[in-house]
Amino acid sequence: MAIWSGNRTGVYPLTRLNSGERPGTRARPLVWRLFILCGAVTLPLFAFVALLLTQYAQSARDHLQRAGQEAVRDIADDLDRDIASLKAVLETLTFSTRITARDFASFHMLATVVARNADLSLVLSDRQGQQLVNTRVPYGSELPLRTNSFEEAIRTRGPVVSDLFTGAVSKAPVYSLAAPVFGLQSGEVEYLLAFSIDPIRLRDLMRTSALDPHAFAGVIDRNGRTMARTADHEKYLGTRPDALLGAIGSQREGQVRVTSRDGAPILASFTRMKSTGWIVAYGVPVSFVDEPMRRLMRQVFGMGLLTLAIGGAGGYFYARRIVGALSSLGHSASEVGRGEIVQPLRTAVSEINDVGARLARASHDLRQTTEAKDALLYEVNHRVKNSLAVVTSLLAMQMRQTPDDASKRGLEDLRTRIDVMASVHQRLYESGRHDRLDLGQFLREIANDMTQALGRSRTRLTTDCDHGIIVGVDRTTSLALIVGELLTNAIKHGAQDAACEITVTAKRMQDGRIAVTVSDDGPGLPAGFSVSVRSGMGMRIVSGLVRQIRGELRTNPGEAGARFEIILEEAE
C-alpha cells in the first residue's frame, strides 16, 4: 500500500523518504557529498586567485610586448643617428678643394685616413658612374664603373642612402651613403662621394643595444631584403622574410605574430627608420612571451589540485567520523526495528547523539507498546479460538438433534470450516506471533488435523512443504479455508471406491511466487471442469477466497487424479 508524505512542493512516497532520497535525486555516499562541499567552498576562492594571477600574467605579457616595441624604436633611433653622423662627415668631405682641383691622389690619402677612422670605404665617382677614388685599393688601380645608381642624389642634390647591393670592387653585399659634389663655377653636380658600408656595421650597432637574451633584431631594406641580423647574420643576409613582410604590409610600426624560417612562432615588433624607410624588426619567441602565463597557469593548476587534495583529505577524515556515527545510528535503528532496547549513543556529532537518545526512548516506548499489544492479541486469539470451539460444540449438538441427513452433512461441513478458522487462531496463539505464520508448517498441521477429523482409514496424506515461507495472517486464514475445502472434496470424492493418496505441497517458485497444491490419485476432474461454473458451495468458497487473496487457481480437468494449484505473489 502506498504511503505518502507532504513537503513544501508536493508529496512523495514515504518509502523514498526512508531511503534518504528526495524525488529526482540520486543517493551518494556522505564522503562524496563532503568532497563536493569542499570543492564548492574552495573553487570560488581558487577561481578568484586564478583570475588575479591571470591578470598579473597578462600584465607581464603586455609589459614584454611594450618592451619589445620600445626596444625596436631605440634600435631605429641608434641607426638613424649613425646615418646622420655619416652624412655630416660625408657632406664635410664634399667641400674638399682637392676634389674640385682634381687632385685625386691627394684626396685619396685624405679619404683613406677618414675611411680608416670610420671603419668603412670611400668612393669618388663622376656623374657617369666611373670610379675615380676607392679607398679599398691603392690609388692608380684600375677602377670599374659603380654598380648602383645615384640618380636620386643628382636629382635631389642631397645625400641619399641606398639599399643592399653587391659592391663592384668588394664583390660583397654593401650599402652606401652618397652625397653630390658641386662644381665651383657651374654649381652643378660634377661628382658623387659615397661611403661604401659593410652591413656588419648595422649588426654591430644593433648588438650594442640592450637586447633581451631571448630576442634578436634585424634590418630589412626597401626592396625587402635582409641587410643585417643580430643572430645568424651571414645565414640570412640578402634573404627575403616574406612571412614578416606580408604581415607588416604598409604599416609604419606595430607588432605581428609570424612563423620564422626555422618554423618557430615569434612576436615581431617593427618600425620604419625615419632616415631611410628601412624596417627594423625585433623578434621574441612567442613561447617566451607566453611563458609567464603558462608558468602561472601551471602554478594555479598545481595550487588548485593541492587545495582540493587538502580539502578532500580533510573532508574524508571528518566524513569517516560522521559515517561511523551514522553507522552506529543505523545499527540502533535496526535494533529498534527488531524490537530491541537500545542505549543512547556517544559519538562526536551532537545531532546524531540527539537522534540516538530519541531512538533509545522510542525503543523503550515501543517495547512497552508492543508487549501490551502482543498480550492483547494473544488474549484475543485465545478467546476467538475458545469462542469458535463453543460454536462447533453447538453445531455438534444441533447435528445430533437434526434427523435429516442432508442437513447433518451441511452442519458438518460448516463445523469443519469453523474448525479450520479456530486452528488458525490456535496456531497464532501457540506461535507467539499475531500477524504471520510459517505457511509450510501450518499447512502440514491443518492437513493432518482435517484428515484425522474426517476419519477415512483408506486415505493416505503426504505433505511436502518448504520451510521459511512466511505469510500474513489474512492470507493464512484464506489458504487454510481453501486447503480445507479441497481436502474435504478429495476425501469425499477421491476415496469413494478405493484407497486414495492425497498430497499437499507448498513450494517457492523460481520467480519468488508461492505455489500451494492439493492433489489426489482418484478419478480426477471431468473434462471441461471449471471452478467458475460449478454451483457447489465448496467450489464457490474456493473461487471467492482465491480472488480475495489475488491468487491464481489452476486445475487439470480430464486427467487422472484431481489437482488444484493456487499461485500467490511472493511471501512477506
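Applying the criteria of a DSSP loop state and at most 15 other Cβ atoms within 10 Å to the trypsin sites (Lys or Arg not before Pro) of region 235-275 yields Arg252, Arg261, Lys274. Annotation for region 134-184: GluC sites (Glu not before Pro) lying in DSSP loop with at most 13 further Cβ atoms inside 10 Å of their Cβ are Glu142. FRET efficiency for the Ala88 to Phe182 pair, using the beta carbon distance and R₀ = 22 Å, is estimated at 0.80. Here Ile200, Ile469 are placed in order of increasing Cβ neighbour count within 10 Å, fewest first, which gives Ile200, Ile469. Multiplying the residue separation of Ala105 and Ile154 by 0.36 nm and subtracting their alpha-carbon distance yields 15.2 nm. Placing R0 at 35 angstrom, the Cβ-Cβ distance between Ser387 and Glu569 gives a FRET efficiency of 0.65 after rounding to 0.05. Placing a pseudo-label 7 Å from each Cα along the Cα-to-Cβ vector at Asp77 and Gln299 gives an inter-label distance of 3.2 nm. Each of Ala515, Val473, Thr503 was placed along the dipole of region 467-523 (beta-carbon charges, centred on the mean Cα), and the one lying farthest toward the positive end is Val473.
To the nearest Å, what is the center-to-center distance of region 157-220 and region 464-483, using C-alpha atoms only? Region 157-220 and region 464-483 have Cα centres spaced 117 Å from each other.
Check which residues have an amide H placed less than 5 Å from Val258's amide H, if you skip close sequence neighbours. Answer set, sorted by chain and number: Ile266, Ala268. You can think of it this way: the chain between Asp204 and Glu142 has 19.1 nm of extra reach, that is 0.36 nm per residue less the Cα-Cα gap. Annotation: the residues Glu234, Glu445, Glu340, sorted from fewest to most other C-beta atoms within 10 Å of their own C-beta, follow the order Glu234, Glu340, Glu445. Can you give me the relative contact order of region 435-572 as a percent, contacts being Cα pairs under 8 Å and 6 or more apart? In percent, rounded to a whole number, it is 26.
Any read-out appearing in this document is the output of simple, stated calculations on the displayed coordinates, not a laboratory observation. Just so it is clear, the model here is predicted, and its values are computed rather than measured. Methodologically, a virtual Cβ is constructed for each residue, glycine included, from the backbone with ideal geometry; neighbour enumeration extends over all protein chains shown.
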